[in-house]
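The values are calculated or read from the model by the stated rules, or taken from the named source; none is laboratory data. Everything numeric here is computed off the predicted structure, so don't read it as measured data. Cβ atoms come from the backbone with ideal geometry, glycine included; neighbour counts cover every protein chain shown. Please note that ligands, DNA and RNA were not included when accessible areas were found on the heavy atoms of the full protein model with its side chains. Shrake-Rupley method; radii C 1.70, N 1.55, O 1.52, S 1.80 Å.
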Amino acid sequence: MLRELHISNLAVIADARVELAPGLNCFTGATGAGKSLVIGAIEVLLGMRSPAEMLRPGVEEGRVSGVFEVRDVDVLQRIEQLTDAPIAAEGGEILLTRRLYASGRSSISLNGNPITLGMLKQVAEHLVDVHGQHDHQFLLKPANQLDVLDQFAGATELRRRYHDAYTQLQEAKQRLADLSANRNLRQQQLELYRFQAAEIDDAQLSPGEYEELSARASVLRNLEKLTKDATATHAALYEADGSVLERLKMMVAVIAELSLLDQNLRPIADSTRDATISLEEVAFDLSRYLDKLDLDPNESKEVEERLNVLNRILNKYGHSVEETLAHREQLGQQIAELEKATDDLSTLQDRIDPLLKQMTELGKQLSSKRRAAAKLLGPRVVHELRELGMEKAAFTTTFTAAPEPLACGLDQIEFIAQTNPGQLAQPLRKIASGGELSRIMLALKGILAAGDRVSVLVFDEIDANVGGRLGSVIGVKLRTLAAHHQVLCITHLPQIASYADRHLTVRKQIAGDTTQTNVRTVEGGERVEELAEMIGGQHITQTTRAQAAELLAAARGEFAPAVTVARPVRALSSSSRNGKPVRK
């Protein structure tokens with residue numbers, strides 16, 4: 001239930017703190033006093049209405065806060081999942097606050113934790129059900145009528161299972177259609193990718209091979225020059241008469257002998273000897289190099305042929321062996337995907353058949369449950385409508401098999417009503433009377449209320465287009481709803497207001513250039529005065545007071561008192577003594 005509502009700087013409400021009770025809470029007041037603004041504040045709090053232009057002129061910030069008490073464990077768990085706020089740990093008490101700023105932005109918090117507007121709207125679905133003056137339009141759409149019927153039938157879970165099967169079936173059919181339409185193109189791509197992969201595989205590429213072959217080819221192409229020049233260098237260095245090494249060794253011996261005479265030549269002698277040894281190693285390495293320069297005519301041909309193969313593959317698929325091998329891996333993935341698509345094409349039909357069977361079976365169960373529920377719903381709605389003054393009304397549900405399965409089932413339904421004798425039964429969308437639609441909406445809500453987990457029902461002038469004669473009947477209906485829910489109701493009819501468990505009056509006050517709206521609870525004699533004013537307007541008489549007292553007594557199930565009310569109550573303060581208002 002909504003225990004408390006605090007409104008600050010919203011339109012003509014500067015500051016209002018509204019304490020609400022379990023059961024039926026009725027708001028009354030003159031037209032234009034701001035009764036609907038209270039409902040508007042609730043809608044702003046719950047994200048059902050944009051706060052744009054609702055901020056009180058001249059202020060920087062406005063606020064709407066609501067304290068809710070939630071006892072349903074499942075609802076608490078669902079809200080915790082939506083907001084990640086530990087509500088259950090706080091005794092199921094929820095403080096929702098929405099702040100409005102002159103800049104146009106707003107902020108939202110739940111128990112002090114910031115939440116998004118999307119989260120707020122989802123939370124609101126579990127807390128409050130608001131019905132405005134024109135909400136009977138909801139019933140005009142057959143899709144919404146189907147929702148009402150499924151709720152009454154308790155078929156929500158069955159409908160969800162059907163919808164899941166329907167969705168899976170549609171996805172499988174679409175996949176099959178896509179695969180079938182692209183079959184030829186997919187086969188061509190598969191053949192191309194397989195050819196390219198085989199060509200790369202046949203080349204048997206290995207990292208670093210191209211560089212090694214390029215270096216070997218260079219050697220084979222220049223073998224004659226390498227042999228001639230390397231041989232001449234080796235002879236000059238080592239083999240020829242008067243070679244470099246021969247003469248150098250003579251120099252080493254001379255300097256070594258001189259170093260015995262002068263110690264300062266010792267480092268020079270050592271360096272000369274080391275240089276000679278290094279040159280000898282160079283000569284030996286050069287000799288070994290020449291021994292390996294054997295020309296094999298077949299090798300040159302094989303190297304050139306291999307290089308031609310590599311150049312052809314690399315030019316087609318990559319600038320290097322590594323890039324070509326990476327392209328080959330990508331080809332493998334594409335081939336696997338195309339082969340899988342081909343396999344899917346052959347197996348999708350096998351998958352579609354069980355899904356179609358499952359969806360059809362669930363659809364038949366759903367249709368059967370709906371038809372059974374419709375047979376029960378019709379008489380119950382007729383009973384409610386008779387109590388609401390439509391004694392000759394008839395109400396049925398027509399079923400038409402959908403041309404093809406729909407996301408909501410195999411049925412197309414429509415509510416059919418006959419509101420007056422002699423008139424043809426016709427769909428609700430063709431009923432022109434707003435009053436009749438309002439009563440049908442109230443009848444359906446009363447039937448569905450017991451199983452509805454939403455704890456707070458809000459009716460904004462549900463008595464619109466309804467005469468005063470039916471006020472008491474509607475009051476009884478609202479009180480019956482209030483046995484299962486907290487009901488907030490704006491009304492102009494004293495017959496309805498007399499059934500309230502808590503009666504709140506909304507008054508507009510003008511002080512200079514400022515207009516303010518106040519909301520407060522009326523009890524006892526002050527409540528009699530409020531009802532008397534609703535009956536007779538500003539001119540309150542003993543008769544209207546007696547009528548008001550009779551309404552209250554009748555609503556309590558008592559006999560109306562024969563005595564008249566004492567002298568007029570001029571003013572009552574909001575303070576009380578022993579639970580009763582104190583006169584000023």
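General observations
- Sum of -39500 (n - 2.57) over DSSP H runs of 4+, divided by residues of the chain (222 nm, nearest 500): -18000 deg cm²/dmol
- Stretch in the chain that is longest and holds no GluC sites (Glu not before Pro) that DSSP places in a loop and that have at most 11 other beta carbons within 10 Å: 61-390
- With DNA, RNA and ligands ignored, accessible area of Phe459 (1.4 Å probe; Å², nearest 10): 0
- Per-selection Kirkwood Rh - the chain (Cα, Å, 1 d.p.): 33.3
- Only aspartates and glutamates eight or more places from Lys357 in sequence, or on another chain, were considered; those with a Cα closer than 19 Å are Glu157, Asp164, Glu171, Glu404, Asp411.
- Summarising the label geometry, the points placed 7 Å from Cα in the beta-carbon direction at Arg306 and Lys340 lie 3.8 nm from one another.
- Spin-label pair Gln77/Glu239, simplified geometry with 7 Å Cα→Cβ offset, distance in nm: 9.7
- Whole-number D in µm²/s for the stretch 155-250 (Stokes-Einstein; Kirkwood sum over Cα pairs; 25 °C, 0.890 mPa s): 114
- Computed over the stretch 1-140, relative contact order equals 23 percent, with contacts defined as Cα pairs under 8 Å that lie 6+ residues apart.
- Within the same chain, aspartates and glutamates fewer than 8 places from Lys430 are excluded, and of the rest, those with a Cα less than 18 Å from its Cα are Asp135, Glu414.
- Probe 1.4 Å, protein heavy atoms only - accessible area per residue of the chain in square angstrom: 54
- Approximate spin-label separation Glu391-Ala511, in nm, with each point projected 7 Å along Cα-to-Cβ: 5.3
- Axis of helix 223-234 versus longest Cα principal axis of the chain: the two differ by about 60°, to the nearest ten degrees.
- Over the chain, Cα pairs under 8 Å with separation of 6+ residues give a relative contact order of 21 percent.
- When each of Lys141/Lys445; Lys141/Lys173; Lys249/Lys292; Lys340/Lys364; Lys369/Lys445 is checked by Cα-Cα distance, pairs over 25 Å: Lys141/Lys173; Lys249/Lys292; Lys340/Lys364
- With Cα atoms, 0 to 90° folded angle of helix 244-261 axis to the chain main axis: 80
- In this structure, Gln365 and Asp201 have a Cβ-Cβ separation that, at R0 = 51 Å, corresponds to a calculated FRET efficiency of about 0.35.
- Here the accessible area is traced with a 1.4 Å probe on the protein chains. For the chain, carbon and sulfur cover 51 percent of it.
- Computed magnitude of the charge dipole of the chain (debye, nearest 20; Cβ of K, R +1, Cβ of D, E -1): 5560
- Between helix 209-221 and the chain: long-axis angle, C-alpha atoms, 0 to 90°, nearest 10: 20
- All-pairs alpha carbon distance profile, the stretch 270-394, 5 Å steps from 0, percent: 2, 7, 6, 5, 6, 5, 6, 6, 5, 5, 5, 4, 4, 4, 4, 3, 3, 3, 3, 2, 2, 2, 2, 2, 2, 1, 0
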